[in-house]
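Below is one structure, written out as structure tokens; the observations come after it.
The values are calculated or read from the model by the stated rules, or taken from the named source; none is laboratory data. Note that the structure is predicted; figures quoted are calculated from it, not measured. Every residue, glycine among them, receives a Cβ derived from its backbone with ideal geometry; neighbour counts consider all protein chains shown. We work out accessible area using only protein heavy atoms, side chains counted, and drop any ligands, DNA or RNA first. Shrake-Rupley method; radii C 1.70, N 1.55, O 1.52, S 1.80 Å.
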Amino acid sequence: MGVTGTGTLEVPRSALADTVLERLVAAYGPAADPERAVSMRAYMKDVAPFLGLTTPARRALSRTVLQGTPRPDEADCTAIALRCWELPEREYHYFAVDYLRRHVTRCSSGFLPVTRHLITTVPWWDTVDLLAAHVVGGLVAADPKLTADMDAWIADDDLWVARTALLHQLRYKEQTDTGRLFAYCLRQSGHPDFFIRKAIGWCLREYAKTDADAVRDFLAGERGRFAPLSVREALKNIGA
């Protein structure tokens with residue numbers, strides 16, 4: 001399967017993944033809070049069941065799970081992420097996202113299809129946005145040839161894939177490809193979905209921290225093409 005491909009992904013063999021998943025389930029399961037899980041699931045619009053772990057508790061348990069484990073290679077990252085995603089409770093997905101954020105530099109451009117699978121499987125902003133900014137963004141920064149994939153993703157019918165393309169430069173600051181950023185925003189300026197319109201405003205607002213004048217000038221020239229939500233979000237910290 002190519003970098004831009006979709007389809008079934010095989011979970012590679014990984015002794016590290018075996019260890020991590022065994023420890024993870026043993027640590028997270030007994031700490032579950034069913035009452036809190038109900039409210040967490042409702043807050044996330046019923047996208048997935050929850051164990052009911054607070055973020056501090058979950059991360060403390062995760063540190064225990066990973067204590068003494070070696071640095072992963074790409075196969076380990078793939079196996080851990082895909083196996084976590086096979087578990088229904090959302091906290092396991094959060095563990096995988098945190099793990100990939102920490103170890104994205106261990107992965108090559110060939111990891112992009114795995115990330116796309118995670119983005120499009122049980123998708124919601126809570127996992128997609130972190131994968132976009134920290135994992136996809138890291139992969140593209142390390143291998144600029146992947147910008148061609150982002151050019152394809154921004155036109156994708158899956159709104160979460162398009163949102164990822166919009167947000168992948170979120171942490172680039174002075175390294176932002178401004179022409180591509182603005183072109184992506186224009187490409188999706190007429191999208192009817194809240195999550196795309198919000199992402200347009202968010203990525204422009206973030207870049208405005210680096211070059212406020214560029215964002216103002218861009219919107220001044222193209223404002224009529226954007227939803228009020230996108231403009232409002234983009235200018236939130238810098239004014240018109």
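Results for (1) in contact with a Lys or Arg (Cβ under 8 Å, 6 or more places away or on another chain); (2) part of a loop (DSSP other than H, G, I, E, B); (3) open to solvent by 80 Å² or more (accessible area, probe 1.4 Å), shown as yes or no for each residue.
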| site | (1), (2), (3) |
| --- | --- |
| Val11 | yes, yes, no |
| Glu22 | no, no, yes |
| Ala26 | no, no, no |
| Gly29 | no, no, no |
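If you take the residues in segment 187-196 that are open to solvent by 40 Å² or more (accessible area, probe 1.4 Å) and in a helix (DSSP H, G or I), which one is nearest to Thr210 (Cα to Cα)?
It comes out as Arg187.
Filter segment 219-229 down to residues that are in a helix (DSSP H, G or I) and more than 13 Å from Leu181 (Cβ to Cβ) and give me whichever is least open to solvent (accessible area, probe 1.4 Å).
Leu229
Quick one: would you say Arg216 is open to solvent by 40 Å² or more (accessible area, probe 1.4 Å) and in contact with a helix residue (DSSP H, G or I) (Cβ under 7 Å, 6 or more places away or on another chain)?
When the stated conditions are applied, Arg216 does not pass them.
For Ala75, state whether it is in a helix (DSSP H, G or I), at pLDDT 95 or above and surrounded by fewer than 21 Cβ atoms within 10 Å (Cβ to Cβ).
Spelling it out, Ala75 is indeed in a helix (DSSP H, G or I), at pLDDT 95 or above and surrounded by fewer than 21 Cβ atoms within 10 Å (Cβ to Cβ).
Do the conditions hold for Leu146, that is, is it part of a helix (DSSP H, G or I), surrounded by fewer than 21 Cβ atoms within 10 Å (Cβ to Cβ) and touching a Ser or Thr at 6+ places or on another chain (Cβ under 9 Å)?
Yes; evaluated as a whole, the condition is true for this residue.
List the number of the failed condition for Ala152; all other conditions in (1) in contact with a helix residue (DSSP H, G or I) (Cβ under 9 Å, 6 or more places away or on another chain); (2) open to solvent by 40 Å² or more (accessible area, probe 1.4 Å); (3) free of Cβ contacts under 8 Å to residues at least 40 places away in the same chain hold.
Tallying (1) in contact with a helix residue (DSSP H, G or I) (Cβ under 9 Å, 6 or more places away or on another chain); (2) open to solvent by 40 Å² or more (accessible area, probe 1.4 Å); (3) free of Cβ contacts under 8 Å to residues at least 40 places away in the same chain, Ala152 fails exactly one: (3).
Which pairs turn up if I take residues in segment 210-238 that are over 21 Å from Gln175 (Cα atoms) and in contact (Cβ under 8 Å) with a residue 24 or more places away in the chain and look for partners that are open to solvent by less than 60 Å² (accessible area, probe 1.4 Å) and in a loop (DSSP other than H, G, I, E, B) with beta carbon separation below 6 Å, at least 6 apart in sequence or on another chain?
Partner pairs satisfying both residue conditions: Arg225/Ser189; Phe226/Ser189.
Would you say Glu91 is closer than 26 Å to Ala132 by Cβ and part of a helix (DSSP H, G or I)?
Answer is yes for this residue.
Looking at (1) within 30 Å of Lys45 (Cα to Cα); (2) without any contact (Cβ under 8 Å) to a residue 60 or more places away in the chain; (3) open to solvent by 20 Å² or more (accessible area, probe 1.4 Å); (4) not basic (Lys, Arg), can you tell me which one His117 breaks?
(2)
Tell me which residues, restricted to segment 90-109, are of a type in the set (Lys, Arg) and either within 13 Å of the chain's Cα centre (by Cα) or surrounded by fewer than 22 Cβ atoms within 10 Å (Cβ to Cβ) (or both).
Residues satisfying the conditions are Arg101, Arg102, Arg106.
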